[in-house]
Amino acid sequence: MSLAWPWLLLLLPLPLLLRRLLPPMAVPRPALRLPAHLLRAAEPAHAARRSGPWLAGLAWLALVLALAGPRVEVAGDVIPASGRDIVLVIDLSGSMLKEDFFLDGQPVTRLDAVKRTASAFVAARRGDRIGLVIFGERAYFAAPLTFDVEAVARAIDEAQIGISGRGTAISDGLGLAAKRLARSDAPTRVIVLLSDGVDTSGSVPAVEAARLAHDHGIRVHSIALGPEDLENQPRSRDAVDVATLRAVAEVSGGESFRVRDAADLEAMARSLDALEPNPSARPPMRLWQPLWIWPASVAALCLFLIAGGRRGWTG
């Protein structure tokens, strides 16, 4: 326990100083003289009169202690804001329906694998502001920048192929995220771009969109998803353009990841946590719980007893 304003304890000797420095109060002469035995019978609150100064002293002590602000430090559930804005840009083109990933021994689509990893990544980012852009042939914000990471995780889980077309407009998704982050005043602004295809529907080259993001102080981490890529299988219909995604990351000062299976996807999430430290891993915020109500209650009780005793003396 500590005191918020310990210097207020200097007020404790104030009543004694006033008693010593101020002239004594004039005591009125009794209007009627009584014998001692009758005087004792006329004072039923004799014990209360003796306890009056002690109660007044205790009330003053409790009141000064309450003013000094006693408090205890407790660990709150609040995670301090990291000052980082992150926008996930996820490809929802038709190729994301291909079942070439395995989770728990069962074949799943690329989209299902991404959903599980991305939603877990987002849900753990308490303290970051997270947004979600999904793109296919068109790009749009599925979740604005928010501290409500659970809501963004739900938006990822509810994403469906076809709602944004079946093309692959990487540059449009990247440009939309960069445009929103350019208006942010967060010290750190990050885009996490995940795609499994080739930019076929974008209005500008993806690298140019990444360069524009870099000019606004935005870093882009790219994730090339899928077992096949154009560098090794240039004729494959569902191959990912690893070279372009790598260039996007390099131009913006980010990192590029190559993900071929579910194990790579989980390793990527761990590496991304290392690049952008998770605020949830930091210790919780320390808060002060005030305790002034307790000495204040003691002071109020003492004053109540003093007032009751005086009524007894005069009644």
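No value in this document is a laboratory result; all are computed from the given coordinates. What you see is a predicted model; the values in this text were computed from it and never measured. FYI the Cβ positions are ideal-geometry reconstructions off the backbone, even for glycines, and counts take in every protein chain you see.
Some points to look at:
- By average C-beta atoms within 10 angstrom, highest first, the peptides 300-308, 258-266: 258-266, 300-308
- Near ALA153: Cβ cut-off under 13 Å, other residues only, Lys/Arg at +1 and Asp/Glu at -1. The net charge is 0.
- Peptides 142-150, 61-69, 100-108, ordered by how many other C-beta atoms sit within 10 Å of their residues on average, highest first, read 61-69, 142-150, 100-108.
- For segment 115-228, the equivalent ellipsoid built from the Cα gyration tensor has semi-axes of 20, 19, 12 Å, listed from largest to smallest.
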